[in-house]
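Written below as structure tokens is the structure these notes are about.
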């Protein structure tokens with residue numbers, strides 16, 4: 001098992017670079033260095049940012065199960081970084097839609113959010129993510145105390161909303177969102193099973 005020092009000096013920088021890679025590739029594509037953005041550049045950028053935001057959300061959700069399954073307690077040290085990267089990609093996904101796709105045309109943006117279910121769900125997930133990102137610092141953890149854990153359990157709602165948003169967006173080819181939905185179901189189902197097992201163990205015998 002890697003030491004705390006090794007995680008900070010080697011693993012965290014490596015994970016940071018890996019999480020940054022999709023965004024860097026998008027920038028390179030935008031300048032024509034690593035391919036192109038395709039026939040519809042705005043849609044390509046928007047979709048890529050959204051997909052990576054969702055993937056990183058799922059990876060963040062997987063940290064605790066992976067820690068318990070493999071005894072890899074050091075993974076917890078990566079959770080905050082993964083969550084903040086997920087939030088950043090999802091925020092960029094939303095800003096790409098709002099600025100580049102909609103051109104900040106509020107008479108079109110607001111009705112879209114209210115009337116198109118997949119946008120409503122995605123926007124709700126983003127709003128729920130904002131307080132989690134704001135309270136991700138050590139200082140906020142100390143200030144909120146036990147309430148911090150309660151607040152951050154909202155991730156159990158956010159991730160399914162993100163998968164649902166993606167599922168409704170793709171419409172026809174649901175293979176990828178189906179894979180994500182299955183993974184999320186396993187991760188959340190394991191948490192329920194673990195909590196129920198804990199409750200049974202705490203019940204008085206006899």
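The values are calculated or read from the model by the stated rules, or taken from the named source; none is laboratory data. Everything numeric here is computed off the predicted structure, so don't read it as measured data. When we count neighbours, we look across all protein chains shown, and the Cβ atoms used for this are built from the backbone with ideal geometry, even at glycine.
Here is how the numbers come out for the structure above:
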{"read-out": "Any hit, region 15-22, residues being farther than 20 Å from residue 169 by Cβ and touching a helix residue (DSSP H, G or I) at 6+ places or on another chain (Cβ under 6 Å)", "value": "yes"}
{"read-out": "Unmet criterion (only one of (1) under 17 Å from residue 160 (Cα atoms); (2) part of a loop (DSSP other than H, G, I, E, B)) for residue 120", "value": "(2)"}
{"read-out": "Positions within region 55-79 being in contact (Cβ under 8 Å) with a residue 12 or more places away in the chain, farther than 15 Å from residue 18 by Cα and in a helix (DSSP H, G or I), in sequence order", "value": "58, 61, 62, 63, 64, 65, 68, 73, 74, 75, 76, 77"}
{"read-out": "Residue match in region 186-200 (condition: without any contact (Cβ under 8 Å) to a residue 12 or more places away in the chain, out of contact with any strand residue (DSSP E or B) (no Cβ under 6 Å at 6 or more places or on another chain) and surrounded by 13 or more Cβ atoms within 10 Å (Cβ to Cβ))", "value": "no"}
{"read-out": "Of all residues making up region 43-64, the number that are under 19 Å from residue 11 (Cβ atoms) and over 9 Å from the mean Cα position of the chain (by Cα)", "value": "3"}
{"read-out": "Selection status of residue 131, surrounded by 15 or more Cβ atoms within 10 Å (Cβ to Cβ), in contact with a helix residue (DSSP H, G or I) (Cβ under 8 Å, 6 or more places away or on another chain) and not in a loop (DSSP other than H, G, I, E, B)", "value": "no"}
{"read-out": "Region 147-206 - residue that is at pLDDT below 90, part of a helix (DSSP H, G or I) and touching a helix residue (DSSP H, G or I) at 6+ places or on another chain (Cβ under 8 Å) and, of those, farthest from residue 137 (Cα to Cα)", "value": "170"}
{"read-out": "Among (1) closer than 21 Å to residue 50 by Cα; (2) out of contact with any helix residue (DSSP H, G or I) (no Cβ under 8 Å at 6 or more places or on another chain); (3) in a helix (DSSP H, G or I); (4) modelled with pLDDT under 95 - the single one residue 103 does not satisfy", "value": "(3)"}
{"read-out": "Some residue of region 23-37 being in contact (Cβ under 8 Å) with a residue 24 or more places away in the chain, touching a helix residue (DSSP H, G or I) at 6+ places or on another chain (Cβ under 6 Å), at negative phi and assigned to a helix (DSSP H, G or I)", "value": "no"}
